[in-house]
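What follows is a set of notes on a single structure, which appears directly below.
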Amino acid sequence: MPPRAQAESQIESLRQQIRHHEHRYYVLDDPEVSDAEYDRLVNELKALEAAHPELITPDSPTQRVGGQPREGFVKVAHSSLMLSLDNAYSEDELRDWDRRVRDLAGRDDIAYVCELKLDGLSMAIRYEAGELARAITRGDGSVGEEVTANVRTVRSVPLSISAAQLKQAGLPPNFEVRGEILMPRASFERLNEERERNELPRFANPRNAAAGGVRQLDPSLTAERRLDYFAYALTLEGRTYFDRHWQTLDALEAAGFKVNPKRKLAHSLDEVWEFIQQWEDKRDALPYEIDGIVIKVDRTALQLELGFTGKAPRWAIAYKYAARAGITRVINIEVNVGRTGKLTPTAELEPVFIGGTTVSRATLHNLDEIERLGLLIGDWVVVERGGDVIPKVSRVITEGEIDGKKYLRGTVPFVMPEHCPECGGHIVRAEGEVAHFCVNTSCPAKLRESLLFFSSRYVMNIDGMGEAIVVQLIKDGLLKSVADMYSLKHDQLATLMLDAQKEGGTKRRLGEKTAQRIMDEIEASKQRPLERVILALGIRMVGERTAQFLAEHFGSMDDLMAASAEQLQEVDEVGPRIATSIVNYFAEPRNRELVERLRAAELQFTGQKKQKGTKLSGLTFVLTGTLVQYTRDEAKKLIEDAGGKVSGSVSKKTNYVVAGTEAGSKLDKAKELGVAVIGEEELREMLG
Ligand code: IVH
């Protein structure tokens, strides 16, 4: 085979493998290979495409994020109206709807499809000849905005569907899917943490964050939001295609779309109601937010017959779960101290019943957030309780009347205390930080919170080491540091006296059995992998992900401790601020002592280093100018994956400067120092 033809077939084979793994990972949530193996395939494809740019096609998995930032969005008419849904808020309203459907249909045996009502924004995606051609927001239902480049970055959206897949799914080459773009809770939490670090206001909820993500002018910013897409409808020039909606969903799934597996074909309203209740209880456990259940007539012929009223179909309805929000008053704002000493203002509320529980506190995150809300003590506020997150104040009610009730504004502004409410220590707000911190290293609140963090499920997972026990162990002087956990004796635990839970009760002994169970848990925690131990140290700005990257990069606690700020920045997603935080942590003698005690307790101090290539090991590169085939970040990753280093400035230690177009002062510096200058082509050859 001539080399070009060979490359062509290799590229095609790689693309197929990558698409397959992306489908397993992003759509089915069930990966078959490790991230490293997947990265290897992608890097191989990138290298081949770089050598044969003429073979790059828009549907290549390497081409999700691309194009120049735009100036604005173009308005486009929808091929058929993008409808909204009528809502039902009670079982009665739902039964009324069912009755209307049966009356209009003239029959009683009606099948309904029940789906989760995903809380995102709807998106129409058009495929032409099996290729993603256009993505359009709902807009006003008849005209939306074209956001194709942004939607391409959503990994669960297929860029192309092969003829074989279309055939298997029973779909024509041209069609339009409609579905919901949403931000999973995990992406949302991460985004808000990142924004807080960068002094940006938090997003109020995942839907707003998703909507903002879709409207980014630069698609690479959309990509960073880690959005997801679920398909729930198919249209062909406004017509339905299959006899039954249930078949439509199966077909979309077969074509490679993510279709929510939590769906049900119900044969009576009782079955529908059962599904609704089942998910009302379980919805907090979903990785994304839902706000109800959508019920649709299954038979498409009947859908046609029933038709529409105004902007909503008669054949479908949204059952909305009771809003998990309520109105109440802020009695006071107290300040809680976290394990890092971070102060979190928390609203004390007049107790209010929201979605099945009584809420009497809500987080306010930080001072900026209080200012953003414009909150005064005494204000009436809307409190929301979503998913597993702590209730939060979403807005202040301005003076006036709602449903015949008068609301007045509060009068007392919140002032951040100058001394720690738990220990009286100094409070500082470091430059470039949103949060305030207590700087007293022996603040008792920090100790309590660190111990609770250390034992928590996602860290060392020491089941049974709950707040009451931790507080008592601190009081008795048995826990002065997290390392003391490993010196605890069975008898000390067994004889621990806890306050009885019921009022009027006397103290109770923890007892032999519980003590043994906790001792076993502590013992088992010694097997938690290195990344958990790194996380458990509680280094500021080092969360679960960063801890994992650090463990993979360094492979041992000792190498991590010895790393300079510069070396730390070679780790994925570690910038100067995180690097400094890590260096400062290990510079503190108390922290080093803690680490040594944990080592003596035989925690896991080594792990599996992520295998890197060796082609470029020992070589340091500096990138300058605009590269054509890769973005800077991509080139950096490729070099690092091949064992090389990338530095920000040219010095005598630099082995190669990779110069793109319009290279500036770094190129001059290289010439001055006599450092070898290479182009992208040569870099590619070196990468093999
Ligand atoms: S069907 C004519 N199915 O809810 C059918 N919509 O309140 C129109 N939504 O605009 C939509 N999950 O953005 C449908 N499983 C689902 C849905 C869903 C969420 C959204 C959609 C729609 C809104 C109507």
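Here are the numbers for the structure shown:
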item	result
Flag if ARG100 is touching a residue at least 40 places away in the same chain (Cβ under 8 Å), more than 16 Å from the ligand (Cβ to nearest atom), open to solvent by less than 80 Å² (accessible area, probe 1.4 Å) and assigned to a helix (DSSP H, G or I)	no
Residue that is nearest to the ligand (Cβ to nearest atom), among those in the range 282-308 that are over 18 Å from PHE230 (Cα atoms) and outside any helix (DSSP H, G or I)	PHE308
Segments classed as strands (runs of 3 or more DSSP E), wholly inside the range 309-381, with at least 1 members that are in contact with a helix residue (DSSP H, G or I) (Cβ under 7 Å, 6 or more places away or on another chain), open to solvent by less than 60 Å² (accessible area, probe 1.4 Å) and over 24 Å from ARG409 (Cα atoms)	316-320, 325-337
Residue in the range 111-118 that is more than 16 Å from the ligand (Cβ to nearest atom), at pLDDT 95 or above, out of contact with any Gly (no Cβ under 7 Å at 6 or more places or on another chain) and over 30 Å from ARG155 (Cα atoms) present	yes
Residues of the range 79-97 classified as more than 16 Å from the ligand (Cβ to nearest atom), part of a helix (DSSP H, G or I) and without any contact (Cβ under 8 Å) to a residue 24 or more places away in the chain, total	2
Conditions (1) in contact (Cβ under 8 Å) with a residue 40 or more places away in the chain; (2) assigned to a helix (DSSP H, G or I); (3) over 33 Å from the mean Cα position of the chain (by Cα); (4) away from the ligand (no atom under 16 Å from the Cβ): number failed by HIS23	(3)
Qualifying helices (runs of 4 or more DSSP H) (wholly inside the range 432-518; at least 2 residues being in contact (Cβ under 8 Å) with a residue 60 or more places away in the chain)	444-455
The one condition in (1) within 30 Å of ARG239 (Cα to Cα); (2) open to solvent by less than 30 Å² (accessible area, probe 1.4 Å) that ARG134 fails to fulfil	(2)
Test: residue in the range 562-570 that is of a type in the set (A, V, I, L, M, F, W, C), at pLDDT below 95 and either under 19 Å from PHE454 (Cβ atoms) or not in a helix (DSSP H, G or I) (or both)	no
Condition check for ARG178: within 18 Å of the chain's Cα centre (by Cα) and charged (D, E, K, R)	no
Any hit, the range 121-135, residues being more than 15 Å from the ligand (Cβ to nearest atom), free of Cβ contacts under 8 Å to residues at least 40 places away in the same chain, in contact with a helix residue (DSSP H, G or I) (Cβ under 8 Å, 6 or more places away or on another chain) and small (Gly, Ala, Ser)	yes
Evaluation of PHE605 against (1) farther than 20 Å from ARG339 by Cβ; (2) open to solvent by 50 Å² or more (accessible area, probe 1.4 Å); (3) touching an Asp or Glu at 6+ places or on another chain (Cβ under 9 Å) (one fails), failing number	(2)
Subset tally (residues that are touching a Ser or Thr at 6+ places or on another chain (Cβ under 9 Å) and at pLDDT 80 or above) for the range 635-676	24
Scope the range 56-78; condition surrounded by 15 or more Cβ atoms within 10 Å (Cβ to Cβ) and either within 16 Å of the ligand (Cβ to nearest atom) or assigned to a helix (DSSP H, G or I) (or both); matching residues	PRO61, THR62, HIS78
Checking LEU265 against (1) within 11 Å of the ligand (Cβ to nearest atom); (2) part of a strand (DSSP E or B), the condition it does not meet	(1)
Search result, residues across the range 382-399 that are of a type outside the set (S, T, N, Q), out of contact with any Asp or Glu (no Cβ under 7 Å at 6 or more places or on another chain) and open to solvent by 30 Å² or more (accessible area, probe 1.4 Å)	GLU384, ARG385, VAL389, ILE390, ARG395, GLU399
Which numbered condition LEU221 fails, given (1) within 26 Å of the chain's Cα centre (by Cα); (2) crowded, with 17+ Cβ neighbours inside 10 Å; (3) modelled with pLDDT under 95; (4) at negative phi	(2)
ALA266 vs. criteria out of contact with any Lys or Arg (no Cβ under 6 Å at 6 or more places or on another chain) and modelled with pLDDT under 95	no
Filter result (more than 21 Å from HIS78 (Cα to Cα) and away from the ligand (no atom under 16 Å from the Cβ)) within the range 161-184	ILE161, SER162, ALA163, ALA164, GLN165, LEU166, LYS167, GLN168, ALA169, GLY170
Residue within the range 202-211 that is in a strand (DSSP E or B) and either at pLDDT 95 or above or open to solvent by 40 Å² or more (accessible area, probe 1.4 Å) (or both) present	no
Pair list, Cβ < 8 Å and 6+ apart or interchain, from the range 312-328 residues that are among the charged types (D, E, K, R) to residues that are surrounded by fewer than 17 Cβ atoms within 10 Å (Cβ to Cβ) and assigned to a loop (DSSP other than H, G, I, E, B)	ARG314/GLY307; LYS320/TYR89
Complete set of residues in the range 1-53 that are within 23 Å of GLY256 (Cα to Cα), modelled with pLDDT under 90, open to solvent by less than 60 Å² (accessible area, probe 1.4 Å) and not acidic (Asp, Glu)	VAL33
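The values are calculated or read from the model by the stated rules, or taken from the named source; none is laboratory data. Just so you know, these numbers come straight off a predicted model, no measurement behind them. Note that each Cβ is placed from the backbone with ideal geometry, even for glycine, and that neighbours are counted across all protein chains shown. Side chains are part of the model used for accessible areas, which takes the heavy atoms of the whole protein and leaves out ligands, DNA and RNA. Shrake-Rupley method; radii C 1.70, N 1.55, O 1.52, S 1.80 Å.
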